[in-house]
1. Out of the residues in segment 121-143 that are in a loop (DSSP other than H, G, I, E, B) and aliphatic (A, V, I, L, M), which is farthest from the chain's Cα centre (by Cα)?
2. Could you tell me which residue of segment 1-22 is nearest to the chain's Cα centre (by Cα), considering only residues that are within 21 Å of PHE67 (Cα to Cα) and not in a strand (DSSP E or B)?
3. With among the basic types (Lys, Arg) and either surrounded by 18 or more Cβ atoms within 10 Å (Cβ to Cβ) or not in a loop (DSSP other than H, G, I, E, B) (or both) as the only criterion, which of ARG81, ARG118 stands out?
4. If you take the residues of segment 33-59 that are hydrophobic (A, V, I, L, M, F, W, C) and over 14 Å from the mean Cα position of the chain (by Cα), which of them is farthest from PRO11 (Cα to Cα)?
5. Of all residues in segment 106-133, which are without any contact (Cβ under 8 Å) to a residue 60 or more places away in the chain and closer than 20 Å to LEU40 by Cα?
6. Out of the residues in segment 93-105 meeting the condition of being of a type outside the set (Lys, Arg), free of Cβ contacts under 8 Å to residues at least 40 places away in the same chain and not in a helix (DSSP H, G or I), tell me which one is surrounded by the most Cβ atoms within 10 Å (Cβ to Cβ).
7. Quick one: in segment 50-76, which of the residues that are among the aliphatic types (A, V, I, L, M) and either part of a helix (DSSP H, G or I) or in the same structural domain as ALA26 (by TED's automatic domain parsing) (or both) is nearest to ALA157 (Cα to Cα)?
8. Suppose the filter is surrounded by fewer than 16 Cβ atoms within 10 Å (Cβ to Cβ), of a type outside the set (A, V, I, L, M), at pLDDT below 95 and assigned to a loop (DSSP other than H, G, I, E, B); does GLY112 pass it?
Amino acid sequence: MKIFYTIIRCPLGLLLVGATERGLCAVQFGNSKEHLEKTLRQDHPVAQLQRDEAHLRAWVEALRDYFDGRELAPPRPLDVRATAFQQRVWRELQKIPYGQTRSYSEIAKAIGQPKAARAVARACATNPVAVVVPCHRVIRADGSLGGYGGGIARKRALLSREGALSQRDE
């Protein structure tokens, strides 16, 4: 398997974007190119990695548009490996409208497993395609932000950009 990837600057730091011929497989925030590349290698140890922004142009443009304040319009399918549970959670996350949030327990109920809020949180934590599968839109039932793989400051910034936080929350 070959993964084409690039690393771009965005308002929240660096962003690695990676895709196979079948679809997007990685969108991860980071603070250094070296760390992002190392993580991509660890996540895909048998893949041949090739840095190639041209191959990812449509995704990069869509993500840049998102950071310019427009709703993300994904140009291609995803190619992510996941359990059936993770797939159900991630599909449900993609239904959360731009500018809105849902709680982990609301997602658990929506997928028919009302007692699985912790498992939903774990599925969010393992999401390999940040922003595209908007796990940042999932918060705790008490309204607090909870965790985020890209760091809580990035989660707050993403929600703020989307208008999903009240001034009290910021």
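1. If we filter segment 121-143 for residues that are in a loop (DSSP other than H, G, I, E, B), which is where we start, we get 126-128, 130-134, 140-143.
Keeping just the survivors that are aliphatic (A, V, I, L, M) gives 130-133, 141.
Values: ALA130: 1, VAL131: 4, VAL132: 5, VAL133: 5, ALA141: 20 Å.
Only one residue fits best here, namely ALA141.
2. Result: LEU12.
3. ARG118
4. Within segment 33-59, the first condition is being hydrophobic (A, V, I, L, M, F, W, C), and the residues that meet it are 36, 40, 46-47, 49, 54, 56, 58-59.
This time we only want the ones that are over 14 Å from the mean Cα position of the chain (by Cα), so: 36, 40, 46-47, 49, 54, 56, 58.
On the way: LEU36: 17, LEU40: 21, VAL46: 32, ALA47: 29, LEU49: 25, ALA54: 21, LEU56: 19, ALA58: 19 Å.
This residue is VAL46.
5. Taking segment 106-133 first, the residues without any contact (Cβ under 8 Å) to a residue 60 or more places away in the chain are 106-127, 133.
Of everything in segment 106-133, those that are without any contact (Cβ under 8 Å) to a residue 60 or more places away in the chain and closer than 20 Å to LEU40 by Cα turn out to be ARG122, ALA123, CYS124, ALA125, THR126, ASN127, VAL133.
6. SER103
7. Checked segment 50-76; the qualifying residue nearest to ALA157 (Cα to Cα) is LEU63.
8. Working: surrounded by fewer than 16 Cβ atoms within 10 Å (Cβ to Cβ): yes; of a type outside the set (A, V, I, L, M): yes; at pLDDT below 95: no; assigned to a loop (DSSP other than H, G, I, E, B): yes.
No.
The values are calculated or read from the model by the stated rules, or taken from the named source; none is laboratory data. Worth saying up front: this structure is predicted, and the values here are computed from it rather than measured. Note: ideal-geometry Cβ built from the backbone for every residue, glycine included; neighbour counts use all protein chains shown.
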